[in-house]
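Below is one structure, written out as structure tokens; the observations come after it.
The values are calculated or read from the model by the stated rules, or taken from the named source; none is laboratory data. Predicted model only: the values in this text are computed from it and were never measured. No Cβ is skipped: glycine too gets one built from the backbone with ideal geometry, and neighbour counts run over all protein chains shown. All accessible areas refer to the heavy atoms of the entire protein, side chains included, with ligands and DNA or RNA removed. Shrake-Rupley method; radii C 1.70, N 1.55, O 1.52, S 1.80 Å.
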Amino acid sequence: MTTSIQKSCAIASLFVGAMIGLSGQVMAAEKLSITLDTPPGHVRNVWIGKFADALQTRSNGEIEVEIFDSGQLYSSRDAGKAVARGDAGMAIVSTAALAQIEANLNALDLPMFSGMTTQQKNEVVDGPLGQELARMTADKMGVVVPGGWYILGALDTYSKDKVIASYSDLEDVQVRIPGSASWIAMFKSLGAAPVNLPFTDVPLALQQGTVDAMVSSNLSVISAKLHESGLKNAFVNNLGVGYYMPIVSLDFWDSLSAEQQTLFKATWGEFVQGQRDAAVASQIEARDTLQAAGMVFHSPTEADFAQTRATFMELQPGLIADLGISQDIMKLAEQAVK
């Protein structure tokens with residue numbers, strides 16, 4: 001016969017078991033939601049997919065990952081703040097967009113860096129300047145930067161009907177700029193009318209005539225099929241090299257154990273160089289595709305580039321002051337270009 005004590009023991013055992021199960025659920029990592037504003041075929045998305053698959057596999061499924069692409073959740077303008085709030089677990093955001101939150105990131109877009117090759121700029125962002133900017137961004141936003149930055153590639157100017165073959169051709173042209181205050185000032189100095197727009201708004205802006213041209217990359221034009229929205233010309237002005245900084249919400253990060261955090265950082269780090277190599281190759285392939293589709297590419301003469309860069313450099317002291325870039329960051333920037 002079952003006694004009341006036996007019944008109580010049985011109930012207590014069930015309760016303890018239930019609590020252990022709940023405790024296990026509490027200790028488990030939250031599901032990682034990654035927000036991207038580019039479409040599935042974009043090189044950033046492809047390599048984020050590789051990272052997500054590896055992370056899930058290596059964590060034995062303890063870390064689940066879900067990717068939301070094409071701006072389903074947030075545009076590049078809003079993704080950083082969403083991660084900081086904990087509304088999204090992770091984003092890989094353009095540093096130009098993040099510069100609206102951490103002003104010192106504007107240093108990367110100063111005229112002193114224009115015309116750099118991709119390899120030269122990689123050394124800058126992987127060195128002391130990039131490391132300090134990542135730390136400052138993490139502190140300012142209350143997020144975690146788990147490692148190296150992904151790359152978009154060299155940024156040029158693409159136009160619809162007006163052929164832009166020199167810097168003087170930019171006068172009176174409405175140009176979409178991806179968030180960089182430095183680039184906005186530089187285009188204004190050329191007589192252009194820069195418009196700050198997130199990437200997800202560009203196709204409609206081109207179709208409606210809100211902008212006549214845009215700063216972007218060969219790959220981004222292809223991935224969003226913007227050459228089908230009227231872009232016919234490319235001005236290879238190499239305004240800068242675009243980067244994406246990975247940021248992770250503290251809510252998600254704190255749900256990971258110390259071992260899972262180490263695994264996350266190690267897994268992220270393994271894919272950075274592969275993504276960069278793939279991005280460079282993809283940009284070359286994208287240019288070939290655009291030319292085959294009829295887009296005409298123009299490059300400034302060496303004299304035109306040198307003269308324009310000198311004009312841009314005259315703006316730099318004022319930009320540093322207006323943007324609030326710290327003296328310590330400028331010291332690192334100057335060391336990086338030596």
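Restricting the search to the range 286-306, which residues are in contact (Cβ under 8 Å) with a residue 12 or more places away in the chain and either more than 20 Å from V163 (Cβ to Cβ) or hydroxyl-bearing (S, T, Y) (or both)?
We begin by selecting, within the range 286-306, every residue in contact (Cβ under 8 Å) with a residue 12 or more places away in the chain; these are 286-287, 289-290, 293-301, 304-305.
Of everything in the range 286-306, those that are in contact (Cβ under 8 Å) with a residue 12 or more places away in the chain and either more than 20 Å from V163 (Cβ to Cβ) or hydroxyl-bearing (S, T, Y) (or both) turn out to be A286, T289, S299, T301.
Against the condition farther than 19 Å from S70 by Cα and modelled with pLDDT under 95, how does S159 come out, does it pass?
Considered against the rule, which asks whether it is farther than 19 Å from S70 by Cα and modelled with pLDDT under 95, S159 comes out as no.
Would you pick out the residues in the range 283-338 that are under 16 Å from S168 (Cβ atoms), of a type outside the set (A, V, I, L, M) and open to solvent by 50 Å² or more (accessible area, probe 1.4 Å)?
S299, T301, E302, F305, Q307, R309, T311 - these are the residues of the range 283-338 that are under 16 Å from S168 (Cβ atoms), of a type outside the set (A, V, I, L, M) and open to solvent by 50 Å² or more (accessible area, probe 1.4 Å).
Where residues in the range 109-151 are open to solvent by 30 Å² or more (accessible area, probe 1.4 Å) and of a type in the set (D, E), which of them is nearest to G269 (Cα to Cα)?
D126
Find the residue count for the range 196-232, including only residues that are open to solvent by less than 20 Å² (accessible area, probe 1.4 Å), more than 19 Å from W183 (Cα to Cα) and in a loop (DSSP other than H, G, I, E, B).
Summing the residues that are open to solvent by less than 20 Å² (accessible area, probe 1.4 Å), more than 19 Å from W183 (Cα to Cα) and in a loop (DSSP other than H, G, I, E, B) in the range 196-232 gives 1.
Take the conditions under 14 Å from the mean Cα position of the chain (by Cα) and open to solvent by 20 Å² or more (accessible area, probe 1.4 Å) and apply them to V163. Does it pass? Explain how you work it out, then say what you get.
Details: under 14 Å from the mean Cα position of the chain (by Cα): no; open to solvent by 20 Å² or more (accessible area, probe 1.4 Å): yes.
Judged against the criteria, V163 is not a match.
Look at S168 and say whether it is out of contact with any Leu (no Cβ under 7 Å at 6 or more places or on another chain) and either assigned to a helix (DSSP H, G or I) or surrounded by fewer than 23 Cβ atoms within 10 Å (Cβ to Cβ) (or both).
yes
List the residue pairs whose Cβ atoms are under 7 Å apart, where the first residue sits in the range 206-232 and is under 12 Å from M295 (Cβ atoms), the second is crowded, with 20+ Cβ neighbours inside 10 Å and of a type in the set (V, I, T), and the two are 6 or more positions apart or on different chains.
L226/V202; H227/V221; L231/V221
Within the range 259-270, how many residues are open to solvent by 30 Å² or more (accessible area, probe 1.4 Å), within 22 Å of the chain's Cα centre (by Cα) and not small (G, A, S)?
Number satisfying all stated conditions: 3.
Of everything in the range 171-181, what is closer than 14 Å to T308 by Cβ and open to solvent by less than 40 Å² (accessible area, probe 1.4 Å)? Give them in sequence order.
Once the filter is applied, which keeps residues that are closer than 14 Å to T308 by Cβ and open to solvent by less than 40 Å² (accessible area, probe 1.4 Å), the range 171-181 yields nothing.
Considering only the range 35-69, state which residues are out of contact with any Asp or Glu (no Cβ under 7 Å at 6 or more places or on another chain), of a type outside the set (A, V, I, L, M) and open to solvent by less than 60 Å² (accessible area, probe 1.4 Å).
T35, D37, H42, R44, W47, G49, F51, S59, G61, F68, D69
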